[in-house]
Amino acid sequence: MSKVETLTFGSIVGLFTLRGGYLIAYSWLFGMSLWVTFIGVIAFKALPRQQFGALQHRTFPIYFALSISLSSLLLGLWTKGHPSVLEHLKNPQVADVTQAYALAAVILSQAANQFIVGPLTSKTMFQRHKLEKAEGKSYNESGVSAEMKAVNAKFAKLHGISSLANLTSFIALAFHGLWIGNKGLGNL
């Protein structure tokens, strides 16, 4: 029979550890990534296209900034708790190094979205909105101008790059979550 544990004020305070903080930060980051990557489609279906674009334009910078911050925190804590990462940094076969690479992939993909792809995508989206208003046609109607077709192609390319970067981040986080779920946090 297992021992029954009684909660006390001291045992509750004892929950606030580096390991507990790591798991909270990871959970927050993974949940946010899951929501934006897969559940955010609900907003696309529920809102008129231009309102959806305006919503994404406002929320994505916050999402990317939080993703970069949380994954940087996790990478720092992971490296601190796993000294072998620095010793074997160039050897991805070392499991702790692979986990650091996964977290670095999140930082890099979300930074690309925050600082390069996201601003270019927003600029292109607003350019398309302006053209739609000037031409009196939706971007996907027949007979749109050559300029509109070029803007559409640019937007599709940027949106695809952004989606791929975000999916990369999600996959890296899922891999890290599976690792810590099965192998634990090590010496953290």
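The values are calculated or read from the model by the stated rules, or taken from the named source; none is laboratory data. The structure displayed is predicted, hence computed values, not measured ones. As a convention, Cβ positions derive from the backbone with ideal geometry for all residues, glycine included, and neighbour counts pool all protein chains shown. Ligands, DNA and RNA are stripped out before the accessible areas are found, and what is left, the full protein with its side chains, is counted by its heavy atoms. Shrake-Rupley method; radii C 1.70, N 1.55, O 1.52, S 1.80 Å.
Observations
- Failed condition for Thr168, given (1) touching a residue at least 60 places away in the same chain (Cβ under 8 Å); (2) over 18 Å from the mean Cα position of the chain (by Cα); (3) open to solvent by 30 Å² or more (accessible area, probe 1.4 Å); (4) within 26 Å of Trp35 (Cα to Cα): (2)
- The residues of segment 14-33 that are of a type in the set (A, V, I, L, M, F, W, C) and open to solvent by less than 70 Å² (accessible area, probe 1.4 Å), listed by number, are Ala25, Leu29, Phe30, Met32.
- The selection criterion, being within 27 Å of Gly160 (Cα to Cα) and either touching a Pro at 6+ places or on another chain (Cβ under 7 Å) or at pLDDT 95 or above (or both), does not hold for Tyr139.
- The set of residues in segment 50-84 being farther than 30 Å from Lys137 by Cβ, open to solvent by 30 Å² or more (accessible area, probe 1.4 Å) and of a type in the set (S, T, N, Q) consists of Ser69, Ser72, Thr79, Ser84.
- Residues in segment 155-165 that are surrounded by fewer than 16 Cβ atoms within 10 Å (Cβ to Cβ) and among the hydroxyl-bearing types (Ser, Thr, Tyr): Ser163 alone.
- Restricting segment 34-49 to residues that are among the small types (Gly, Ala, Ser) and surrounded by 10 or more Cβ atoms within 10 Å (Cβ to Cβ), the residue that is farthest from Leu70 (Cα to Cα) is Ala43.
- Residue check for Val144: crowded, with 16+ Cβ neighbours inside 10 Å, more than 13 Å from Gly53 (Cβ to Cβ) and without any contact (Cβ under 8 Å) to a residue 40 or more places away in the chain: yes
- Each residue in segment 138-188 was checked for being within 25 Å of Ala95 (Cβ to Cβ), among the polar types (S, T, N, Q) and out of contact with any helix residue (DSSP H, G or I) (no Cβ under 9 Å at 6 or more places or on another chain), and 1 of them qualify.
- Residue count for segment 81-103, restricted to those that are touching a residue at least 24 places away in the same chain (Cβ under 8 Å) and among the aliphatic types (A, V, I, L, M): 4.
- The residues of segment 85-138 that are buried (at least 17 other Cβ atoms within 10 Å of the Cβ) and basic (Lys, Arg) amount to a single one, Arg128.
- The set of residues from segment 175-188 being over 15 Å from Ile24 (Cα atoms) and surrounded by 14 or more Cβ atoms within 10 Å (Cβ to Cβ) comprises Phe175, Trp179, Gly186.
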